[in-house]
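Worksheet for the structure shown next.
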Amino acid sequence: MKKVVTVCPYCASGCKINLVVDNGKIVRAEAAQGKTNQGTLCLKGYYGW
């Protein structure tokens, strides 16, 4: 599995998220350390993936 850092698309805040990818498919989303989200995700960012 690998982690891909991207930006959450659900609002204009621009929170960073780590997408955990296994065999080319997104398995889960995790919070990435960033200025906006400070290592946490809102419900949209967490369950949207």
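Any read-out appearing in this document is the output of simple, stated calculations on the displayed coordinates, not a laboratory observation. Quick caveat: nothing in here was measured; it's all calculated off a predicted structure. No Cβ is skipped: glycine too gets one built from the backbone with ideal geometry, and neighbour counts run over all protein chains shown.
What is the local net charge at Glu30, summed over the other residues whose Cβ is closer than 11 Å to its Cβ (Lys, Arg +1; Asp, Glu -1)?
In short, +3.
Tally Lys and Arg at +1 and Asp and Glu at -1 over the other residues with C-beta under 13 Å from the C-beta of Ile17: what net charge comes out?
Residues near Ile17 contribute +3 overall.
Once you have the alpha carbon radius of gyration of the chain, what is it after dividing by 2.2 N^0.38 Å, with N set to its residue count?
So the Cα radius of gyration is 1.05 times the expected 2.2 N^0.38 Å.
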